[in-house]
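The values are calculated or read from the model by the stated rules, or taken from the named source; none is laboratory data. As the structure is a computational prediction, the values presented were derived from the model and not from experiment. Using ideal geometry, Cβ is built from the backbone for each residue, glycine included, and neighbour counts are taken over all protein chains shown. With ligands, DNA and RNA removed, areas are computed over all heavy atoms of the protein, side chains included. Shrake-Rupley method; radii C 1.70, N 1.55, O 1.52, S 1.80 Å.
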Amino acid sequence: MGALQLMLPLLVLLATAARAVAAAGARPSEVAVGALFTYDSTIGRAARLAIELAVDDVNADRTVLAGTQLKLITQDTNCSGFLGTIEALQLMENNAVAVIGPQSSGIGHVISHVVNELHVPLLSFAATDPTLSASEYPYFIRTTISDYFQMNAVASIVDHYQWKEVTAIFVDDDYGRGGVSALGDALAEKRARISYKAAIPPNSDTDMINDVLFRANMMESRVMVVHVNPDTGMRIFSIANKLQMLARGYVWIVTDWLAAVLDSSASRDLKYMSHIQGLIVLRQHTPESAAKNKFISKWNNVAHNRSITSGLNSYGFYAYDSVWAVARGIDQFLNSGQQISFSTDPRLHDSNGSALQLSILKIFDGGEQMLQQLLLTNFTGLTGPVQFNSDRNLVRPAYDILNIGGSGSQLIGYWSNYSGLSVTAPEILYQKPPNTSSIVQRLHNVVWPGDSTTTPKGWVFPNNGQPLRVGVPIKASFKELVAGGRGPNNVTGYCVDIFNTAINLLPYPVPCQFVTIGDGTKNPNYDDIINMVAANSLDAAVGDFAIVRNRTKIAEFTQPYIESGLVIVAPVKQATSSAWAFLKPFTLEMWFSFSTMFFAHIQQLATGITGIDDLISSALPIGYQAGKFTRNYLIEELNIPESRLVPLNTIQEYADALQRGPKDGGVAAIVDEMPYVDIFLSYHCNFRVVGQEFTKEGWGFAFQRDSPLAADLSTAILQLSESGQLQRIHDEWFTRPSCSSDDSEVGATRLGLGSFWGLFLACALICLFALLVFFIRVCWQYSKYSNSEAAGEPSAADADAAAAATDAAERQRRPSRLGSFKELIQFVDKKEEEVRRTMKRRSSEKDNQAAGSSDVQSVVSA
């Protein structure tokens, strides 16, 4: 028992050792990792040493891949897709579990098909083409920033300086085309565009590049975006300098390839520095850190010891981090209990005796698991956070923005996907809420080509020998606005005069060639002319073009040079005044209100239409000017049936249609813009505007979408307006006097003295009748009053009854006498109530007196 107790610890120790040996046997002593890049290239020279230093650091770090060493296998692609594919196949023969590279997007497209079949993850530190997508190439992982973000940075710079068009100069391969495609999308979001694409074929000689740049220089845009390879791109600026394309007024925005060239070259060795003054250059942003500074020092020391003359650029940082991402992914793969093993692909078995020996290529059995571990990478490297989002892009893309000047460059700002342009480092802004305020300073001051500090406007009139193609509508009438002569350049009119005057105010010459549209017998369709501008059949359209919503979606309009709006014109009757004119304004019921009798203003509208509501509710035909936007407005906005609309072309057709009226094949009213109506009414005075303007528009000149000429011409029109010249041009063309300065004279009857003599006669007869009735009534009352007075005189108190009766009878037989005229006047002056009271009192006294007389007679008889 004691011996057993002594041996038990020994057995446990042996079991532990056996497990350690088994574990050591399960974890390989080394793992092969491939690297593909072009050794002798700007990016390759920096990346090669960075990858070697990264492998050394990984193998020296006991916290990663403990007991397992990375075995680096490098292959030179020599900037060739074909050789790159061959080198990739050779790497696969060595059972590499991952491949770092390639640096070329074109080679990346080819090799991605190989690694997809063999399930070997491909981590590229320099292939920036956005079309290298995870959906098409699932085993491709980009460990640098996609050009999708770089082109968004370029678009932000273009938008910051309010440029609308750029010329893209790019190498015509997968890398160049993919980047320019992303640039076009990014500019479209900023309402800008690529106006010209200058594609340079790969391996072009000096003459070819000269031809491409010469054609680009003939275009109107002066904002050049250059997206080419770093090893051949410098020739572009040497040739551009000879073509005087680096002078004042030009803008050059260069993607990160130039920053790689500048960082890799000592200033004393850079022969082309004088050719790139004033350029704006982008460079991948890598935050400052102790680890980054330590690596730079180490890289420089080793490069010096190896007599490497080129310098370190940002792609070297991404290559270094790529190695660490692979090492951490392999470590997690092995820690999860996975085994590194390969199996043959039966599809690669050669039964025809081919010498290619494709059967030696094997599939990495754990490739899918390794891919997932790599996608879960999350650490802080030299380039900042190394972590992938759902689109397999690095989570914090950012760029430095440099301005080349003197013998070096000046940092003028940053761009990040988080906060856009800023003068604050992105790692600081990531700690704050995003700030999109337009008042925040976005970039420091720039020194532009030609040593200018004034921001270039970004375009000039194209120097390609082609004048501006200006479409002009030639109509059947309204010649005061636009009229065509014998030749296309002999166009005249108010609109053309304003255009020519504004063009002459521009600080640069703009040759124009007028293209007449229309035969002068019928009006052309104005929407069709605007569509011609949008389709690049015309460069501009000049004339009486209303600025309306559907047109602004496809063309760029200038500032309006005249106000306009839709109004209604209707016929009116020329009513004559009569003795009974005062009776016409109101109906019989309205005459119960006499307070407005002498303030009648009589409108004689023939159709009874008083405004747009009456016109819409009626079923009467409506005239409109053919070819103008009025037709669509009436149909689409006011829901008026098209069957009610009658197109008209000339002023005479306007007048004829209104005079005939709806009952005789004419129209009840015409809807047109105010300037046309003013001209029409200056010829025909028997019509008038009904109601008010029910739309508000203006006329402007149309240019192609986002054309910078539209903005410059708008400024010129404002100058004309402020100087008063715009009004003077208007007065020169519209000299025909109007029919009357007082609108009330048209369609209204002026009420003079003769218009009211019937009223005066009626009033006089009524007054005489009233006076006669009054006189008769007064005489009747006075007669009655006088009789009552005579009947009320007192008798003698002391007379006997007989004598009293006799006297009373005698008085009754005495006839009444009318008083004097004075008494009559006094009676008239008495109030009627007083007269009634007096007559009533006297009547009562008379009754009492009569009763007393009867009593006396009775006594006498008795």
Legend entry - Given (1) more than 32 Å from the chain's Cα centre (by Cα); (2) surrounded by 15 or more Cβ atoms within 10 Å (Cβ to Cβ); (3) not small (Gly, Ala, Ser), number of the condition Asn378 does not satisfy: (2)
Inset, instruction - Please find, among Gln659, Gln574, Gln604, Gln652, the residue that is modelled with pLDDT of 90 or more and over 30 Å from Arg551 (Cα atoms). - result: Gln659
Inset, instruction - Restrict the check to the stretch 259-275 and report whether at least one residue is out of contact with any Pro (no Cβ under 9 Å at 6 or more places or on another chain), modelled with pLDDT of 95 or more and not in a helix (DSSP H, G or I). - result: no
Legend entry - Yes/no for Leu312 being of a type in the set (A, V, I, L, M, F, W, C), out of contact with any Gly (no Cβ under 7 Å at 6 or more places or on another chain), open to solvent by less than 70 Å² (accessible area, probe 1.4 Å) and under 25 Å from Pro426 (Cα atoms): yes
Inset, instruction - Working only within the stretch 55-68, note down all residues that are surrounded by fewer than 16 Cβ atoms within 10 Å (Cβ to Cβ) and in a loop (DSSP other than H, G, I, E, B). - result: Asp61, Arg62, Thr63, Ala66, Gly67
Inset, instruction - Filter the helices (runs of 4 or more DSSP H) completely within the stretch 494-569 down to those with at least 3 residues that are surrounded by 18 or more Cβ atoms within 10 Å (Cβ to Cβ) and touching a residue at least 60 places away in the same chain (Cβ under 8 Å). - result: 494-504, 526-534
Inset, instruction - Enumerate the pairs (first residue in the stretch 217-232 and of a type in the set (Lys, Arg); second residue anywhere and assigned to a loop (DSSP other than H, G, I, E, B)) with beta-carbon separation below 8 Å, excluding pairs fewer than 6 apart on the same chain, so at least 6 apart or on different chains. - result: Arg222/Gly249; Arg222/Tyr250; Arg222/Pro456; Arg222/Lys457; Arg222/Gly458; Arg222/Val460
Legend entry - Residues located in the stretch 305-337, provided they are over 20 Å from Gly366 (Cβ atoms) and of a type in the set (D, E, K, R): Arg306, Asp321
Inset, instruction - For the stretch 408-421, state whether one or more residues are open to solvent by less than 60 Å² (accessible area, probe 1.4 Å) and over 19 Å from Val281 (Cβ atoms). - result: yes
Legend entry - Counted residues, the stretch 381-407 - those being of a type in the set (Asp, Glu) and surrounded by 17 or more Cβ atoms within 10 Å (Cβ to Cβ): 1
Inset, instruction - Filter the stretch 217-238 for residues that are outside any loop (DSSP other than H, G, I, E, B) and over 27 Å from Ala127 (Cα atoms) and give the result. - result: Asn217, Ser221
Legend entry - Selected residue [surrounded by fewer than 17 Cβ atoms within 10 Å (Cβ to Cβ), touching a Gly at 6+ places or on another chain (Cβ under 6 Å) and modelled with pLDDT under 95] from Arg215, Arg248: Arg248
Inset, instruction - Would you mind telling me which numbered condition in (1) under 22 Å from the mean Cα position of the chain (by Cα); (2) open to solvent by less than 10 Å² (accessible area, probe 1.4 Å); (3) touching a residue at least 60 places away in the same chain (Cβ under 8 Å) His160 fails? - result: (2)
Inset, instruction - Determine whether the stretch 86-97 contains at least one residue that is in a loop (DSSP other than H, G, I, E, B) and in contact with an Asp or Glu (Cβ under 8 Å, 6 or more places away or on another chain). - result: no
Inset, instruction - State the number of residues belonging to the stretch 357-386 that are of a type outside the set (S, T, N, Q) and without any contact (Cβ under 8 Å) to a residue 12 or more places away in the chain. - result: 2
Inset, instruction - Please name all residue pairs, on different chains or six or more residues apart, with Cβ atoms under 8 Å, provided the first residue is in the stretch 388-408 and is at positive phi and the second residue is in a loop (DSSP other than H, G, I, E, B) and open to solvent by 40 Å² or more (accessible area, probe 1.4 Å). - result: Gly406/Gln277
Inset, instruction - For Lys71, work out the one condition from (1) crowded, with 22+ Cβ neighbours inside 10 Å; (2) basic (Lys, Arg); (3) closer than 14 Å to Val99 by Cα it doesn't fulfil. - result: (1)
Legend entry - Where Ala168 falls short, out of the listed (1) crowded, with 24+ Cβ neighbours inside 10 Å; (2) in a loop (DSSP other than H, G, I, E, B); (3) out of contact with any Phe, Trp or Tyr (no Cβ under 6 Å at 6 or more places or on another chain): (2)
Inset, instruction - Select from the stretch 301-326 the residues that are assigned to a helix (DSSP H, G or I) and hydroxyl-bearing (Ser, Thr, Tyr) and list them in ascending order. - result: Ser314, Tyr315, Tyr318, Tyr320, Ser322
Legend entry - Within the stretch 728-763, considering residues that are modelled with pLDDT of 85 or more and in a helix (DSSP H, G or I), the one least open to solvent (accessible area, probe 1.4 Å): Ile729
Inset, instruction - Take Asn210 and decide whether it is in contact with a Lys or Arg (Cβ under 9 Å, 6 or more places away or on another chain), over 29 Å from Ala398 (Cα atoms) and assigned to a helix (DSSP H, G or I). - result: yes
Legend entry - Some residue of the stretch 125-137 being open to solvent by less than 30 Å² (accessible area, probe 1.4 Å), of a type outside the set (Gly, Ala, Ser) and not in a loop (DSSP other than H, G, I, E, B): no
Legend entry - Selection count, the stretch 618-644, where residues are of a type in the set (A, V, I, L, M, F, W, C), open to solvent by less than 30 Å² (accessible area, probe 1.4 Å) and farther than 14 Å from Ile568 by Cα: 3
